[in-house]
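What follows is one structure encoded as structure tokens, with my remarks underneath.
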Amino acid sequence: MCNHHHKRPPQTRELFEESKKLDRRQFLTKTSLGIGAMALSGLLGTEKVFASTNPEPLIDTGKGLPGFPNFVPKAKRIIYLFQSGGPSQFETFDYKPKLGEMQGQDLPDSVRQGQRLTGMSTNQASLPIASSMYKFNQYGKSRAWVSDLMPYTAEVVDELCFIKSMHTEQINHDPAITFFQTGHQLPGRPSIGAWLSYGLGSDNENLPTFIVLQSKNSGGQPLYSRLWGNGFLPTEHQGVQFRSGKNPVLFLSNPENYDGQDRRRMLDYLKKLNEVQESTYGDPEINARIAQYEMAYRMQTSVPDVVDLSDEPDHIFEMYGEDSRDPGTYAANCLLTRRLIEKDVKFVQLYHRGWDQHLFLPNGIKKQCKNTDQATAALIKDLKQRGLLEDTLVVWGGEFGRTVYSQGKLTATNYGRDHHPRCFTMWMAGAGVKPGFTYGETDDFSYNVVKDPVHVHDFQATLMHLFGINHEKLNYKYQGRRFRLTDVHGHVVKDILS
């Protein structure tokens, strides 16, 4: 076969060379989204070609976007203690004494009002009311109600701002958790931490802006990495999961018998190659890749130092509980969270599973509270004694609440509770929120909100506000539309702000 059949015609070669000099937007314009666009999509991936880039610079400078924060923030850092599975408000913070008088009676139709049930209880012959087996008392100057399952949390109620009127549209775990973390029930949107990283940047160049911890051996509903993903934002804004064990971050340590002395030189050459590629194609994801390589290099030194708890004194371990000496437990992760906050990590998300008690709730929730109560309260106390609580926001809560009626058979010593999105309790503490304050109110059955409802998007808008962000202004143009965490909803709950 003749060689000239394999050579490009002069006109085609000139077009190819010219296209390499243009960034993707210019190239697509020149080719009118025709054959050239399809060819480029094969090189870069369809999603990247047809996604509109944000006009703001996307290189990781560590300082966030121009103009952000929009106003003086109250919070510099956030700890989000996500209790996955839906903690029951009846056994924790929403005291309903009248239920004892109606024990075993069917939930009145006037209360339910035809609201949908999950498939797990919709076929029950009756919906018998189950009052909590556990006692409640009032604590602190704020006289907040707390069940006797949480004696340590009861000690710090004057630091907490309870929101008892949370509500959501999502009735199943995965869409409900996804909705809380990304502002939408369907996967694919950026998580809260990714939005904060994108808008505000980092305060510590040696650790990720957004770090995720999961309690080991907690069981319950599965969690997926997309819950702390970057969605359509540049990938350096995704959460980095720290694991318990020898290697907290996968693929970070050097291979065995490799001292890493030439790694800096290798990264410098790799950066030059990536810069050539970026200048050729104008793909902002290449800059994200450069930033991630550099961060990984710095983390090789910073991560082993921060996860090593051996320098913590005994009285700190005793405050957090004996489990805090066991890496990967909820207590150990709470202690590690404090160390990360001391290093100015902006967002630490701690997931603890196992709150999904459809059956055998009394024993199940007792175990959950025992595993989490002491360490949660210790974290609040520890932050305060170090002067960190005043500019660190702490959030505690799950994806929805539980039903007043028993799922399954109700007995004197046992009952279960189904999912309930209509009302549930969360709390916030620290930077910018009123301490010792309770907001919102539910009816006598904790089935409907009767005062000051707070939607998930309202919660997200308020969280952003505490970081000095107008939630309507932090957006990203993708596939022809401007997206934001709160979608097209959300109001700042001003009454809880200090």
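Here Pro248, Pro222, Pro208 are screened, and the one residue that is outside any helix (DSSP H, G or I), touching a strand residue (DSSP E or B) at 6+ places or on another chain (Cβ under 7 Å) and farther than 15 Å from Ile192 by Cβ is Pro248.
Table: residues versus (1) crowded, with 17+ Cβ neighbours inside 10 Å; (2) in contact with a Pro (Cβ under 8 Å, 6 or more places away or on another chain); (3) modelled with pLDDT of 75 or more.
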{"site": "Leu252", "(1), (2), (3)": "no, no, no"}
{"site": "Pro255", "(1), (2), (3)": "no, no, yes"}
{"site": "Gly260", "(1), (2), (3)": "no, no, no"}
{"site": "Arg264", "(1), (2), (3)": "no, no, yes"}
{"site": "Lys271", "(1), (2), (3)": "no, no, yes"}
{"site": "Gln277", "(1), (2), (3)": "no, no, yes"}
{"site": "Asp283", "(1), (2), (3)": "yes, no, yes"}
{"site": "Ala288", "(1), (2), (3)": "yes, yes, yes"}
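Annotation: Arg325 fulfils all but one of (1) within 24 Å of Trp195 (Cα to Cα); (2) assigned by TED's automatic domain parsing to the domain that holds Lys370; (3) in contact with a helix residue (DSSP H, G or I) (Cβ under 6 Å, 6 or more places away or on another chain); the unmet one is (1).
For (1) under 27 Å from Thr178 (Cβ atoms); (2) in a loop (DSSP other than H, G, I, E, B); (3) in contact with a Gly (Cβ under 6 Å, 6 or more places away or on another chain), each residue gets a yes or a no:
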position	(1), (2), (3)
Leu359	yes, yes, yes
Lys366	no, no, no
Lys381	no, no, no
Ala412	no, yes, no
Tyr415	no, yes, no
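For every residue, the table says whether it meets (1) assigned to a strand (DSSP E or B); (2) over 29 Å from Tyr330 (Cα atoms); (3) modelled with pLDDT under 95.
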site	(1), (2), (3)
Ile59	no, yes, yes
Lys63	no, yes, yes
Phe68	no, yes, no
Lys74	no, no, no
Lys98	no, yes, no
Arg116	no, yes, yes
Met120	no, yes, yes
Gln124	no, yes, yes
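Selection within the stretch 207-231: residues that are within 15 Å of the chain's Cα centre (by Cα) and of a type in the set (S, T, N, Q). The member of this set that is nearest to Thr178 (Cα to Cα) is Ser225.
Within the stretch 251-292, being within 30 Å of Asp305 (Cα to Cα), assigned to a helix (DSSP H, G or I) and hydroxyl-bearing (Ser, Thr, Tyr) holds for one residue alone: Tyr269.
Of the residues making up the stretch 307-345, those that are in a helix (DSSP H, G or I) and either crowded, with 20+ Cβ neighbours inside 10 Å or of a type in the set (S, T, N, Q) (or both) number 16.
For the residues Tyr478, Tyr415, Tyr439, the requirement of being aromatic (Phe, Trp, Tyr) and closer than 25 Å to Glu101 by Cα singles out Tyr415. Looking across the stretch 143-188 at every residue that is surrounded by 18 or more Cβ atoms within 10 Å (Cβ to Cβ) and among the small types (Gly, Ala, Ser), the one that is farthest from Lys434 (Cα to Cα) is identified as Ala176.
For the stretch 458-478, the condition holds for at least one residue, the condition being that it is without any contact (Cβ under 8 Å) to a residue 60 or more places away in the chain and surrounded by fewer than 19 Cβ atoms within 10 Å (Cβ to Cβ).
The values are calculated or read from the model by the stated rules, or taken from the named source; none is laboratory data. Treat the numbers as computed from the prediction; the structure is a model and nothing was measured. Note that each Cβ is placed from the backbone with ideal geometry, even for glycine, and that neighbours are counted across all protein chains shown.
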